Every structure is written in structure tokens, then in C-alpha cells.
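This report concerns only the one structure given below.
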Amino acid sequence: CNFRLKYFFMKKIKVYTFIISFSVLASGCHLFESTKVSSKEIKAASTWSEKDQVPTFSECESIESTDDKKVCFESIISNSILDYIDQNPLQSSEPISEEINAILIIDKEGYFSLDQIERSRKMDDAIPNLEEQLLSAISMIPQAEPALKTNVGTFVSTKMVLPIMIIAD
């Protein structure tokens with residue numbers, strides 16, 4: 001009799017174990033489903049919108065107008081570079097008057113770096129150490145408040161083009 005009772009309980013335990021296992025497996029299947037996000041949706045979420053916040057400096061945050069805020073931001077960058085160049089003048093081997101474009105990256109922490117310089121061969125010949133000088137000048141720009149993608153609440157890196165007029169006699 002004792003053997004039959006054990007056999008009966010063991011059979012019941014196996015049935016319950018099977019039912020519980022199957023229930024857990026069936027209810028957990030949604031965890032294995034993959035969701036596919038289309039490239040169109042990713043592009044839409046990544047595109048810059050008016051709600052997103054551009055990089056800024058704390059001195060510019062109290063300014064209401066978007067245009068004035070941009071002017072404030074750019075003037076701090078320009079003044080920082082000009083201060084460096086005033087203290088470390090560029091040496092030119094020939095007279096030159098040309099605008100170059102410095103493409104800057106403002107990273108997720110608000111630090112500036114030089115991505116590239118758009119300049120002519122004539123500028124390279126006249127001022128061969130221009131890139132090194134600009135790298136040093138850009139490293140002196142104060143840390144900014146980074147850009148913010150508001151739809152995901154994340155700081156992002158941004159690029160900006162800074163035109164610089166170089167005149168050497």
C-alpha cells in the first residue's frame with residue numbers, strides 16, 4: 001500500500017511539474033519576441049527638432065531669443081580662439097586674406113575638438129602650422145552645456161562650422 005501511495009504522489013508531482021513548466025514557458029514566450037524598428041523610425045527619432053536643445057554656455061542660458069542665444073554661444077567660442085591667437089600670433093610666409101572653416105565637435109560632455117579644417121593649398125603654404133595652432137586654440141574653449149535630444153533625454157555630440165577670416169600682410 002505504501003508503494004502505491006508513493007507511486008500515486010510521484011505521478012501527480014510529475015503532472016504538476018509538467019503543467020507548471022508548460023505554463024511558465026507559454027507565458028514567457030513574449031520575452032523572446034523581437035521587435036524590429038524600421039530605419040525610417042530611427043531616422044525620424046534622430047533628426048534634430050526645434051524641441052531639442054543646442055549646446056550652450058551658462059552665460060547664454062538666461063537669454064530668451066534663440067538667435068541671440070546662438071550669437072552669445074558663437075561669440076564665446078570666437079573670443080576664446082581670438083584670445084589664444086592674440087597671445088600666440090600666426091606666422092605667415094606671404095600675404096594672405098582668406099576665410100577658412102573649422103569644423104568643431106562638441107561632445108556629450110560639452111568639450112570641443114577639431115574635426116577638420118576646410119582651407120586652400122595656398123593657406124597651407126602660407127601658414128604651415130595652422131592646424132596645430134587651431135588645435136591649441138580650440139582646446140582653450142571653455143566646457144559648454146552639451147546638446148540634448150529631448151525625445152530620448154540624452155546628451156549628444158554635435159558638429160558646427162566656424163568660419164574664420166585669416167588676414168596676414
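The values are calculated or read from the model by the stated rules, or taken from the named source; none is laboratory data. This is a predicted model, so every value here is computed, not measured. No Cβ is skipped: glycine too gets one built from the backbone with ideal geometry, and neighbour counts run over all protein chains shown. Note: areas computed on protein heavy atoms with side chains; ligands, DNA, RNA excluded. Shrake-Rupley method; radii C 1.70, N 1.55, O 1.52, S 1.80 Å.
The table that follows gives values for the structure above.
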quantity: Cβ-Cβ FRET estimate between I103 and V152, R0 fixed at 25 Å, reported to 0.05; calculated: 0.50
quantity: Amide proton proximity set for I166, modelled H, under 5 Å, gap of 5+; calculated: E98, E99, I100
quantity: Modelled label reach - V161, point 7 Å along Cα→Cβ, the stretch 65-87 residues with backbone N closer than 17 Å; calculated: 74
quantity: Phi-based couplings in Hz for the stretch 108-116 (Karplus 6.51, -1.76, 1.60; Gly and Pro marked x); calculated: 5, 9, x, 8, 9, 8, 8, 7, 6
quantity: Over 19 Å between alpha carbons, listed pairs K70/K149; K51/K149; K36/K149; K40/K70; K40/K159; K122/K159; calculated: K36/K149; K40/K70; K40/K159; K122/K159
quantity: Candidate aspartates and glutamates for bridging to K108, where Cα separation is under 13 Å - those fewer than 8 sequence places away on the same chain excluded; calculated: E145
quantity: Whole-percent carbon and sulfur share, accessible surface of the stretch 72-169, 1.4 Å; calculated: 49 percent
quantity: The stretch 69-106 residues near the modelled D169 label - backbone nitrogen below 13 Å, point 7 Å along Cα→Cβ; calculated: 95-96
quantity: Sequence-distant residues sharing a close amide H with E145 (under 5 Å, placed H); calculated: T56, F57, S58
quantity: Heavy-atom accessible area order for F57, F112, largest first, 1.4 Å probe; calculated: F112, F57
